[in-house]
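**Student:** The structure follows.
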Amino acid sequence: MISQHSYFQQCLPALQQLHNMNFTKEQLLQKDFLIGQEKELSMYYSPHNDYINPDAHIVIAGITPGWFQMKTAFKQCISSLSHHHQLEQVLYETKKAASFSGTMRVNLIDMLDRCGVQKAIGMDSAAELFASQRDLLHTTSVLKYPVFYKGKNYTGHQPPIERSVLLSRYAFEVLPQELNEIKNPCLIVPLGKAVENVLRKLSSESSLSRHTYLFGFPHPSGANGHRKRIFEEHLGEFTEIVEDWAAKRKSRK
């Protein structure tokens, strides 16, 4: 399903100009892909959060796609377009290639496995969510498109989301509409504090209270020095939340 907030068609002519390019910051962080600017913040289009999986059972939410994900998404999108795939397939393939790519995905899979997520959905490993069982997963970002603060990846803290009109709109209007497209009561995994703060506010809305939230889950980035300690401290709690969600899921079948 294609997001109703997609800028894809608008950006398609500029996207097609990127054929055989190196996908540098000069080529991607340019006016044709600029969605919004506010003081030292800028938001650019990237094609990898435009596909929504309405049949998902697990949702993993980051803060915003970073530069590395953005570059991966553009590369995959151009490749899929050059093979003349259908639009929905192009955006699906792009999301599959770019979501939480790199070492972050390796860390994330390991953490999900240790919480028992793979057992809850009858798999050997959560790695299958990114491969053969992708139809059970929806990945997203609180801020749908890549945001940069003073030219660097926005981390969710400076400035805080609620102090920015641009960021608040995506976090508190666009994201809930996206989550409401998903039919099943999901296990939602917020990655890091800034994502958790937004989802705590949204989880009190009646349509989003049906989901189970893995609050306290640390960001899986290798740059997060506190990740392992925080994860170990809360592992028992995470395992219980996952088991409760699995039991509810079973009783609904």
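**Student:** Could you report the accessible area of Asp55 in Å², rounded to 10, computed with a 1.4 Å probe on the protein chains as they sit in the structure?
**Tutor:** 80 Å²
**Student:** Provide Rg and Dmax in Å for the range 15-97, with only Cα atoms included in the calculation.
**Tutor:** 13.5, 39
**Student:** Now, a different point. Compute the distance in nm between two label points, each set 7 Å from the Cα along the Cα-to-Cβ direction, one at Glu173 and one at Ser209.
**Tutor:** With each label point 7 Å from Cα toward Cβ, the separation is 2.5 nm.
**Student:** Now, a different point. Ordering Lys201, Lys71, Lys95 from largest to smallest accessible area (1.4 angstrom probe), what's the sequence? All intermediate terms of the calculation are to be shown ahead of the outcome.
**Tutor:** Values: Lys201 105, Lys71 65, Lys95 5 Å².
Heavy-atom accessible area, descending, gives Lys201, Lys71, Lys95.
**Student:** Measure out, as a whole number of angstrom, how far apart the alpha-carbon centroids of the range 13-44 and the range 199-253 sit.
**Tutor:** 34 Å
**Student:** Further question: Which percent of the accessible area of the chain is formed by carbon and sulfur heavy atoms (probe 1.4 angstrom)? Intermediate results must be reported in sequence, preceding the final value.
**Tutor:** Values: 5840 of 11790 Å².
Its accessible area is 50 percent carbon and sulfur atoms.
**Student:** Hey, another quick one. At 1.4 Å probe size, what's the solvent-accessible area of Lys25? Round to the nearest 10 Å².
**Tutor:** Probe radius 1.4 Å; accessible area of Lys25 about 80 Å².
**Student:** Now, a different point. Over the chain, calculate the relative contact order: mean separation of alpha carbon pairs under 8 Å at least 6 apart, over the residue count, as a percent.
**Tutor:** Working: 368 pairs, mean separation 60.9, N = 253.
Contact order relative to length: 24 percent.
**Student:** With the crude spin-label approximation of a point 7 Å out along Cα→Cβ, what separation in nm comes out for Glu38 versus His157?
**Tutor:** Taking the two extended label points, one gets 2.0 nm.
**Student:** To continue, here is another question. Test of understanding: what is the full-extension gain from Ser132 to Leu12, defined as 0.36 nm times their sequence separation minus their Cα-Cα distance? Numbers along the way, then the final one.
**Tutor:** Working: separation 120, 0.36 × 120 = 43.20 nm, distance 2.93 nm.
Here the answer is 40.3 nm.
**Student:** Just want to confirm a number: the relative contact order over the range 1-58, from Cα pairs under 8 angstrom separated by 6+ residues, in percent.
**Tutor:** On the way: 37 pairs, mean separation 26.4, N = 58.
With pairs under 8 Å counted, the relative contact order is 46 percent.
**Student:** Quick check: Cα centre of the range 93-157 to Cα centre of the range 50-68, how many Å?
**Tutor:** Measuring centre to centre over Cα atoms gives 7 Å.
**Student:** Which GluC sites (Glu not before Pro) from the range 153-242 combine a DSSP loop assignment with at most 15 other Cβ atoms within 10 Å? Numbers along the way, then the final one.
**Tutor:** On the way: sites: Glu162, Glu173, Glu178, Glu181, Glu196, Glu205, Glu232, Glu233, Glu237, Glu240; in loops: Glu181, Glu205.
Answer in residue order: Glu181, Glu205.
**Student:** Then there's this: Over the range 33-190, one equal point on each Cα, no solvent: what is log10 I(q)/I(0) by the Debye formula at q = 0.12, 0.14 Å⁻¹?
**Tutor:** Computed log10 I(q)/I(0) values: -0.53, -0.72.
**Student:** Using the heavy atoms of the protein chains alone and a 1.4 angstrom probe, what is the accessible area of the range 3-76 per residue in square angstrom?
**Tutor:** On the way: 3370 Å² over 74 residues.
Spelled out: the 1.4 Å probe surface of the range 3-76, per residue, equals 46 Å².
**Student:** Hey, which of these cross-link pairs are over 32 Å Cα-Cα: Lys95/Lys228; Lys201/Lys248; Lys152/Lys250; Lys25/Lys119; Lys39/Lys71? Could the numbers behind the result be given before it?
**Tutor:** Working: Lys95/Lys228 27 Å; Lys201/Lys248 23 Å; Lys152/Lys250 44 Å; Lys25/Lys119 41 Å; Lys39/Lys71 24 Å.
Correct reply: Lys152/Lys250; Lys25/Lys119.
**Student:** Place a point 7 Å from Cα of Asp124 in the direction of its Cβ. Which residues in the range 81-110 have their backbone N less than 20 Å from it?
**Tutor:** Answer for this model: 106-110.
The values are calculated or read from the model by the stated rules, or taken from the named source; none is laboratory data. All values derive from a computational prediction rather than experimental measurement. Virtual Cβ from ideal backbone geometry, glycine too; neighbours counted across all protein chains shown. These area figures cover heavy atoms from the full protein model, side chains too; ligands, DNA and RNA do not enter into them. Shrake-Rupley method; radii C 1.70, N 1.55, O 1.52, S 1.80 Å.
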